[in-house]
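Before any comments, here is the structure.
Taken together, the values in this text are just the output of simple stated rules run on the coordinates, not laboratory data. As the structure is a prediction and not an experimental result, all values here were calculated from the model. Note that each Cβ is placed from the backbone with ideal geometry, even for glycine, and that neighbours are counted across all protein chains shown.
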Amino acid sequence: MIFLFNLSASRELITMYKLLNFNIFGDHNGSLIALEEGKEIPFNIKRVYYIWGTAKEAVRGRHAHKELEQVVVCVSGSCDFILDDGEKKVKITLSNPSEGLYLSKDIWREFTNFSDDCVVMVLASELYNEADYIRSYEQFINYKKANNK
């Protein structure tokens, strides 16, 4: 599900994300999804991590990246992502393990509304680098303005 929140009428819809649909392979014994860089994943995968056991009302993320790209998959349960390009916000609910959310750099992300069984897996284009993070929303807005983004 996608919900839009207008912060400004001066721009078109956020273009820094995309929902990806993965092929499901399986039979009566179960299902399988294979993710490969350059095929289902539009970048070289350098890091994978997952998040679980999160309280429903918790808000995670609350940052942007200068260079890192990600694909987020809710492999179990559901959660909501709020994406913000500095002028518009969009809310996306992830609840299907055959769907991934591609996030480019320069987009503020938060996620919340976790179901009890929620497990989120993240595939990242870069190794962890604290210098790549923008952890303050005010700094994010200033970064976007300074870089004409």
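Please go through the stretch 123-138 and give me each residue that is part of a strand (DSSP E or B) and either closer than 13 Å to R60 by Cα or more than 16 Å from the chain's Cα centre (by Cα) (or both), ordered by number.
Once the filter is applied, which keeps residues that are part of a strand (DSSP E or B) and either closer than 13 Å to R60 by Cα or more than 16 Å from the chain's Cα centre (by Cα) (or both), the stretch 123-138 yields nothing.
Looking at this structure, is D106 of a type in the set (D, E), closer than 15 Å to K18 by Cβ and not in a strand (DSSP E or B)?
Working: of a type in the set (D, E): yes; closer than 15 Å to K18 by Cβ: yes; not in a strand (DSSP E or B): yes.
Spelling it out, D106 is indeed of a type in the set (D, E), closer than 15 Å to K18 by Cβ and not in a strand (DSSP E or B).
Across the stretch 46-84, what is the number of residues that are outside any strand (DSSP E or B) and within 15 Å of the chain's Cα centre (by Cα)?
6
Give me a count of the residues in the stretch 53-74 that are touching a Cys at 6+ places or on another chain (Cβ under 8 Å) and over 18 Å from E99 (Cβ atoms).
1
Let me confirm something: among G100, G77, G86, which residue is in contact (Cβ under 8 Å) with a residue 24 or more places away in the chain, of a type in the set (G, A, S), over 19 Å from P42 (Cβ atoms) and crowded, with 21+ Cβ neighbours inside 10 Å?
Answer to the check: G86.
Could you tell me which residue of the stretch 85-103 is nearest to the chain's Cα centre (by Cα), considering only residues that are charged (D, E, K, R) and in a loop (DSSP other than H, G, I, E, B)?
Restricting to residues being charged (D, E, K, R) and in a loop (DSSP other than H, G, I, E, B), the top hit is D85.
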